[in-house]
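Q: Here you go, one structure.
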Amino acid sequence: MKNQNLICLLVLNIFLTTAFAQQIDYGQTKEQIEFLNLQCLHERGFTGKGVTIAHFDDGYDGFDKMEVFKYAIEKDLLKGNYDFCFDTEIKYEGNGTHGTNTLSIVNGYLPGEYVGTGFDANILLAHTEYTPSETHKEEENWKRAVDWAIENGADIITSSLQYNNFDEGEGNYTYKDMDGNTSVIAKAADYAASKGVLVVAIQGNFGNSEWHYVATPGDADSVLTVGAAGVDGQRAIFSSFGPTSDGRVKPDVMAVGFQTIVVDPDDNIRPGNGTSFAAPCVAGMVACLKQAHPNRSAMEIITAVRQSADRYLNPDIKEGYGFGVPDACKADMILTEMDNNFGKSGLIQSDQLSYEIKKNKLFLTPKFEKSDFASMQLFDAAEQMIAESSKFKKKIKLKKLKKGNYVLKIKLKSGEVLVNNVLI
């Protein structure tokens, strides 16, 4: 009877998945959706529903009248807005259209013409960028918006803003400042992350300019930083390079930011360029993953997205690709494994390793021949190595480590790398 029930559930799931898949016609956004293999989640009904994304940008001109946002308005997805430049509610005219474009990438919904990456996600709109000038006050606006977003239940913050050079007299940042701990906005981003919010930032558009490198807040260590690629997977010429000034891999992942399909206030659907347009592609994806795995933390989702990327085991540090192009379906599988293992007592099994955490120690039992072992490394959730050994250790002390998710990588002499996610 148990097996019959399981078979019935599987058949029902296949039927519902197929039925739902037939209803989605992406229109012009098909390529940027499929670039992330995001249709895999959409087809199973994970479209960001119940997840709240806060957007920090310039104006959202036309939002209240555009066809592409009618679905969001009719479904009451807008949960709040605030203009931090003028300390009032946002007016949907005269503030700018950059935010309109980035929002369309996530929440646009016109089946057959245009479908966003997380079209069912709840929306919070914050106007933090004052377009006529470039001052540090905009960073302060962004910082204030973080508290507002947290108070209003944001699960995700996505911001397609970059800061390095400012108006005369303001004082510029230098590349040395891109260490994740210096700028006002990077500190604010990491603060949001410490409160459980998943922050999506841009790598910046300085790849073919003198600045060259990542801009802030993309340098923050607890955010998911996104670079721009074309649908062919090649880095867009303008997408900034890594690493951060303290040597960390940035960007974390890539998404379509060259010839990304966006919508203007006059409902014109067109291609646009910029890491600004790559980040919301990923913001919608992580909203879908959060819906599918509500018990997983922001940092755990970021870990899964990185690990799903095509360069994860051999990240590009200097050429602007980072961990590469993520795969939504693969990230979903990694998060499912976390769902099954994290918080579980007793022995946890994987293909090549079993482990158990008890009394502040991680006990490891290999399923491979010890003669095949080459090295082992332990990384924190920001992918920073905190321990390594050329000898296999059956026991790792955890007492000095903060609570959170960690990544244990074991390299075999064959070149194979075993990746194990561990919750402490």
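Q: Name the residues whose placed amide hydrogens come within less than 5 Å of the amide hydrogen of Val325, ignoring near sequence neighbours (fewer than 5 apart) on the same chain.
A: For Val325, whose amide H was placed from the backbone, the distant partners under 5 Å are Met254, Asp310, Arg311.
Q: Could you give the length gained on full extension between Lys400 and Asp351, defined as 0.36 nm per residue of separation minus the Cα-Cα distance, in nm? List each step's numbers first, then the result.
A: Values: separation 49, 0.36 × 49 = 17.64 nm, distance 2.83 nm.
The span from Lys400 to Asp351 would gain 14.8 nm if fully extended.
Q: For the range 26-339, give me the percentage of DSSP beta bridges that are antiparallel, rounded to the nearest 5 percent. If you can, show how the numbers build up before the last one.
A: Numbers: 11 of 38 bridges.
Given both bridge residues lie in the range 26-339, the antiparallel proportion sits at roughly 30 percent.
Q: Rounding to the nearest 10 and keeping the result within 0 to 90°, find how far the Cα-based axis of helix 275-292 lies from the longest principal axis of the chain.
A: 50 degrees
Q: So what's the angle, to the nearest 10 degrees on a 0 to 90 scale, between helix 184-194 and the longest Cα principal axis of the chain?
A: 50 degrees
Q: Distance check, please: which entries in Lys361/Lys393; Lys290/Lys359; Lys91/Lys137; Lys195/Lys402; Lys79/Lys290; Lys358/Lys400 exceed 23 angstrom between their Cα atoms? Provide the component values of the computation, followed by the final result.
A: Values: Lys361/Lys393 11 Å; Lys290/Lys359 31 Å; Lys91/Lys137 20 Å; Lys195/Lys402 15 Å; Lys79/Lys290 18 Å; Lys358/Lys400 14 Å.
Pairs exceeding the cut-off: Lys290/Lys359.
Q: Going toward the positive end of the dipole of the chain, with +1 on Lys and Arg Cβ and -1 on Asp and Glu Cβ, which of Phe119, Ala186, Gly346 do you reach last?
A: Checked the options; the winner is Gly346.
Q: For Glu369 and Glu151, what does the FRET efficiency come to when R0 = 51 Å and r is the distance between their Cβ atoms, rounded to the nearest 0.05? Each step should come with its number before you reach the end.
A: On the way: r = 55 Å, r/R0 = 1.07.
Once rounded, the FRET efficiency stands at 0.40.
Q: Residue by residue, what Karplus-based ³J(HN,Hα) values in Hz, rounded to whole numbers, does the range 199-215 have, using 6.51, -1.76 and 1.60 with θ = phi - 60° and x for Gly and Pro?
A: With the stated coefficients, the range 199-215 comes to 9, 10, 10, 9, 6, x, 10, 10, x, 10, 10, 4, 4, 6, 9, 3, 10 Hz.
Q: Beta carbons within 10 angstrom, averaged per residue: use that to sort the peptides 216-227, 313-324, highest first.
A: Working: 216-227: 29.0, 313-324: 18.3.
Output ranking for 216-227, 313-324: 216-227, 313-324.
Q: Let me ask something else. Under a crude label model (7 Å from the Cα following the beta-carbon direction), how far is His212 from Lys176 in nanometres?
A: Result: 1.6 nm between the two label points.
Q: Continuing with this model, one more query. Can you give me the angle between helix 2-23 and the longest principal axis of the chain, using Cα atoms only, in degrees from 0 to 90, rounded to the nearest 10?
A: Orientation of helix 2-23: about 30 degrees from the principal axis.
Values in this text are rule-based calculations from the coordinates and carry no lab data. These figures come from a predicted structure and were not determined experimentally. Backbone-built Cβ (ideal geometry, glycine too); neighbour counts: all protein chains shown.
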